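Please treat every number below as a calculation from the coordinates, not as lab data. All values reported here derive from a predicted model rather than from experimental measurement. So basically every Cβ, Gly included, is an ideal-geometry build from the backbone, and we count neighbours across all protein chains shown.
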Amino acid sequence: GIETALLLGALATRAGDQVHLLALDQRVRARVSGVRGGAFLGAAATAFQEVVPSLDVTDWQLAVSQVRATVHHPALVVLVTRVPPAGMDVDFLEAVRALADRHTVLVASATDPDQDRARADDGDVLMSAAAALEERTDQAGVADARSAGAVVVSAPSGALPARTADTYIELKKAGRL
């Protein structure tokens, strides 16, 4: 997720866009705002030094309120998070809907490589079937996020930064930003 945020932030500031960065779960863990040009990458890297992985559930209403307090015009809002399986996080979908009312919402979600391996494992039919079921619920979650108004990029973690950057460029070319 950090690599995705850094690449997209660097690309957007290079394109002359104003970029704000928030990392949060139950509270704001990092914030970069009002930094333009080449200084953004250093400020973002410094801010991310303080961020540690956590099992805390994301407070999506906090995310919405922080975006509304920070961004006062239509913008691209990028949520770097795992898209929850269908029906598992109503707050996430409500946040996407609330943000999509005013902004273009892009959800960048890393896929689980263990799930991909388990699905392909012909030797363990039970694991393969469980992984296939999990994939279907994940795909339904992606469909729910799209129905709520998000553009969703779902890719292995190593490819996620580049695919998210490509989607940003496509949205810009299409005049959606």
Residue among Ser33, Ser54 that alone is touching a strand residue (DSSP E or B) at 6+ places or on another chain (Cβ under 9 Å), under 18 Å from Val77 (Cα atoms) and polar (S, T, N, Q): Ser33
Residue within region 158-172 that is surrounded by 15 or more Cβ atoms within 10 Å (Cβ to Cβ), touching a residue at least 60 places away in the same chain (Cβ under 8 Å), aromatic (Phe, Trp, Tyr) and within 30 Å of Gly34 (Cβ to Cβ) present: yes
